[in-house]
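The values are calculated or read from the model by the stated rules, or taken from the named source; none is laboratory data. Keep in mind that this is a model prediction, so the values were computed, not measured. Reconstructed Cβ throughout: ideal geometry from the backbone, glycine too, with neighbour counts over all protein chains shown.
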Amino acid sequence: MTLSKSQTGSKYWIQIGLLTTALTLIFGGLFSTSALADEVGADLPYKVQGNVKNEGIALEGVRIVVAGGGYTAETVTDAEGKWLIGVPEKAGYSVSLDQSSLPEGIAVVEEGGAEQSVEIGPSGVVTKNFFIGAGERIVVSMLDQVIARIVYGLNFGLMLGLASVGLSLVFGTTGLSNFAHAEMVTFGALAAFFVTSVLDLPIWIAIPVAVVLSGAMGWGLDSGLWRPLRRRGLGLVQLMIVSIGLSLAARYVFQFFASGGTTQLPGFDSPKIKLFGATALSVIDIASMVLSLVVIIAFAWWLMKSQTGKATRAISDNPDLAAASGIDVDRVIRTVWIIAAALAGLSGVLWAYFRPGIKWDMGAQILLLIFAAVTLGGLGTAFGALLGSLVVGLLVEVSSLVIPSDLKYVGALVVLIVILLVRPQGILGRKERIG
């Protein structure tokens, strides 16, 4: 019995997915247990706390959620109406009160509603009390919530697709599973922050500059590292191990220069615009989706119509035959590295707004989802990576309606495993026999 390359690669990712899902479920279960207490993360350095009372009477069992900087935690009020949630960074957070957990006939009556923004002050502790009173709660139907999550999932999936397409291109032309791709995502966000904060240029200039710098980084990595290693005849496993080492080295270089905190790009706190139902997007969110679509369409045209794009697809199909037909494989691979890094850099800027915030390990937080999207769509197929990204983005956001937000990534990984068990080559992948 012969196995296809895609089947072999898919079995490898299935094993990784199974292990990751098991660990996530185990640790998620351990930590989610503490979310039922009145204090969560009390050992963390910074605190968000408050009281929930109605006319001086403490309200017990009211659900509170604190989110920001990629961190989310929830708790319920105790018998005295008190709650406390520890947070890891001195940054801005949103504090949400679940009005469905309030007694009948009362609601949050202060301006701004049941979701408020807070900023950790010099003391490291911020107090947020909600004003509760008699009133009619605005109930959002499940359909409106699902539609809103679908829109947010499309936004997340398009952003994820930019990074996934680049990773898929590199894998298709070189066979390398590049774990350092996450640091290309981080580099793009850091480059944009450097241009806006140090050079004091507007964000609409910082984004193209960050994309260009990211592309230059891809060119430098291929010229100085990957091409010499390919010429020395290193195997794919050895190259993958080098990429892991490069990822760790780059990650801690970023931490050294950017520190361990979270920084923000201009406009991260732009107000939300209510579109329909429960769907509200900021101008940045809308611009992010439009920009992602424009870039993806331009990339699709390049891949299908341009001479280099056709050569890229030829190398992905059969590199030896492509070289024999006169295609300069090294030149095409160099171009692929530049484009992959540029797309990852743009994805990093958009990810910094989606989180929101820039952190030294922000790329690593979505690396597994990027690999999941590439594998789900079909290893080495750029359009498959885009389709896989949209599926993963939708699953991550919609699943948060029924499972705790801490475990929302698990649903995407479980679906990935199920699909690969049925179709090992991925959605758009094709079987290739060896021998």
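Below is a table of values for the structure above.
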read-out: Pairs, first outside the structural domain of I106 (by TED's automatic domain parsing) and under 17 Å from V118 (Cβ atoms) in the stretch 51-71, second in a strand (DSSP E or B) and at pLDDT below 85, C-beta under 7 Å, six or more apart; value: none
read-out: Set F194, F179, F130, F187: member being within 19 Å of L343 (Cα to Cα) and surrounded by 22 or more Cβ atoms within 10 Å (Cβ to Cβ); value: F187
read-out: Only listed residue being over 21 Å from S400 (Cβ atoms), at pLDDT below 75 and within 24 Å of the chain's Cα centre (by Cα), chosen from L30, L19, L44, L23; value: L19
read-out: Unmet criterion (only one of (1) farther than 22 Å from S214 by Cβ; (2) in a helix (DSSP H, G or I)) for T308; value: (1)
read-out: Residue selected from the stretch 150-168 under the condition more than 12 Å from L390 (Cβ to Cβ) and among the small types (G, A, S), by the criterion farthest from the chain's Cα centre (by Cα); value: S168
read-out: Any hit, the stretch 227-248, residues being of a type in the set (S, T, N, Q), in a helix (DSSP H, G or I) and surrounded by 14 or more Cβ atoms within 10 Å (Cβ to Cβ); value: yes
read-out: Residue, nearest to the chain's Cα centre (by Cα), within the stretch 314-336, restricted to residues that are surrounded by 16 or more Cβ atoms within 10 Å (Cβ to Cβ), of a type outside the set (A, V, I, L, M, F, W, C) and under 18 Å from L379 (Cβ atoms); value: S316
read-out: Flag for V151 being touching a Lys or Arg at 6+ places or on another chain (Cβ under 9 Å), closer than 30 Å to I85 by Cβ, surrounded by fewer than 22 Cβ atoms within 10 Å (Cβ to Cβ) and touching a residue at least 40 places away in the same chain (Cβ under 8 Å); value: no
read-out: Odd one out for L281 among (1) farther than 23 Å from L160 by Cα; (2) in contact (Cβ under 8 Å) with a residue 24 or more places away in the chain; (3) touching a strand residue (DSSP E or B) at 6+ places or on another chain (Cβ under 7 Å); value: (1)
read-out: G435, sole failed condition from (1) surrounded by fewer than 20 Cβ atoms within 10 Å (Cβ to Cβ); (2) modelled with pLDDT of 80 or more; (3) not in a helix (DSSP H, G or I); value: (2)
read-out: I417 surrounded by fewer than 24 Cβ atoms within 10 Å (Cβ to Cβ) and under 25 Å from W302 (Cα atoms); value: no
read-out: Some residue of the stretch 282-295 being farther than 21 Å from A191 by Cβ, assigned by TED's automatic domain parsing to the domain that holds D200, in contact with a Pro (Cβ under 9 Å, 6 or more places away or on another chain) and of a type outside the set (S, T, Y); value: yes
read-out: Positions within the stretch 398-428 being part of a helix (DSSP H, G or I), in contact with an Asp or Glu (Cβ under 8 Å, 6 or more places away or on another chain) and not charged (D, E, K, R), in sequence order; value: S405
read-out: Verdict on L293 being in contact (Cβ under 8 Å) with a residue 60 or more places away in the chain, surrounded by fewer than 16 Cβ atoms within 10 Å (Cβ to Cβ) and assigned to a helix (DSSP H, G or I); value: yes
read-out: Criterion violated by F299 - all others in (1) buried (at least 17 other Cβ atoms within 10 Å of the Cβ); (2) within 20 Å of the chain's Cα centre (by Cα); (3) under 17 Å from G157 (Cβ atoms) satisfied; value: (2)
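Quick grid of which residues meet (1) under 30 Å from P424 (Cα atoms); (2) in contact with a Ser or Thr (Cβ under 9 Å, 6 or more places away or on another chain); (3) not acidic (D, E):
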| site | (1), (2), (3) |
| --- | --- |
| L275 | no, no, yes |
| D285 | no, yes, no |
| I296 | yes, no, yes |
| F299 | yes, no, yes |
| I315 | yes, yes, yes |
| V336 | yes, yes, yes |
| L343 | yes, yes, yes |
| A364 | yes, yes, yes |
| T375 | yes, yes, yes |
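To keep it simple, each residue is scored yes or no on (1) touching a residue at least 40 places away in the same chain (Cβ under 8 Å); (2) of a type outside the set (S, T, Y); (3) out of contact with any Ser or Thr (no Cβ under 6 Å at 6 or more places or on another chain).
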{"position": "L169", "(1), (2), (3)": "yes, yes, yes"}
{"position": "V185", "(1), (2), (3)": "yes, yes, no"}
{"position": "T196", "(1), (2), (3)": "yes, no, yes"}
{"position": "D200", "(1), (2), (3)": "no, yes, yes"}
{"position": "G215", "(1), (2), (3)": "yes, yes, yes"}
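For (1) assigned to a helix (DSSP H, G or I); (2) crowded, with 24+ Cβ neighbours inside 10 Å; (3) of a type in the set (D, E, K, R), each residue gets a yes or a no:
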position: I338; (1), (2), (3): yes, no, no
position: L343; (1), (2), (3): yes, yes, no
position: S347; (1), (2), (3): yes, yes, no
position: Y353; (1), (2), (3): yes, yes, no
position: I370; (1), (2), (3): yes, yes, no
position: A373; (1), (2), (3): yes, yes, no
position: L379; (1), (2), (3): no, yes, no
